[in-house]
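Presented below is the structure to which this report refers.
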Amino acid sequence: MLMLHKGCRRVARTDLADIPVPEASGRHMPVPHHVLADTVVATAEGLGLPLRNESWGISKDGMRLFGALDFDPIEELRMPEGTGPSLGIRHANDKSISVQLTAGARVFLCDNGVMVGEIETVRRKHTTGLHLDALIREALTEYLARLPDFGRMHDDLVNARLSSVRAKALIHDAFLEHRVMAPKYLPAVSGTYFKSEEHRGRFPGRNRWSLYNAFTETFKQESVTLQADSFRALGRALCLTHS
């Protein structure tokens with residue numbers, strides 16, 4: 001998901017070639033936006049990740065680039081419903097942001113600096129010796145090798161059955177120890193998990209996966225920036241806790 005609100009504008013990938021590129025200075029070697037974008041897409045598709053959706057944005061001065069890519073699911077890899085291979089991309093030719101990629105089963109990227117994914121695959125300055133093709137290929141190869149982890153995470157959450165007492169304890173700890181959200185949202189999460197017939201219809205199991213989705217449904221009431229922080233904290237509270 002790509003959110004733009006700080007003076008940035010959406011563009012098509014084909015428009016990126018028209019963005020001026022500053023001259024190199026010292027060890028700083030600017031990377032044309034269209035070269036980075038095309039390299040990522042071509043490398044991903046060459047590795048078996050067909051592009052489904054892409055969103056691109058540039059800053060008002062044309063120096064910063066933001067991109068979010070969603071790919072078709074890989075047939076042999078089972079991933080949780082509503083997720084799929086995703087990449088977030090950003091960089092800047094004014095030295096403010098290095099070349100950065102983050103990957104996961106669901107990626108969030110905003111022009112205010114928030115960039116959230118499960119795996120940070122690239123963080124490389126625009127300096128001499130930057131071999132973009134090799135860098136992107138190595139990063140995406142690593143990401144593909146780790147994609148099965150998302151399916152296993154889903155299975156772990158589904159198989160972690162919860163009693164009502166244990167679910168209430170996890171909700172309590174998520175708010176008061178892990179600071180997943182402001183405490184005022186606790187009744188909403190509890191009500192979704194325990195009382196919502198719609199939620200129970202979508203996630204009938206009484207397990208951590210159902211509870212995870214009760215939280216993510218409530219995240220929609222938060223601001224975009226707070227949602228990113230909440231996803232990170234929720235991973236610590238539920239996905240990494242198996243007691």
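Provide Asp155, Asp18 in ascending order of the number of other Cβ atoms located within 10 Å of each residue's Cβ, fewest first.
With the fewest neighbours first, Asp155, Asp18 line up as Asp18, Asp155.
Take the alpha carbon atoms of region 160-239, find their radius of gyration, then divide it by 2.2 N^0.38 Å using N residues; give the quotient.
The reported ratio for this selection is 0.99.
Here, each number is a calculation from the coordinates, and none is a lab measurement. Keep in mind the model is a prediction, meaning the values are calculated, not measured. Methodologically, a virtual Cβ is constructed for each residue, glycine included, from the backbone with ideal geometry; neighbour enumeration extends over all protein chains shown.
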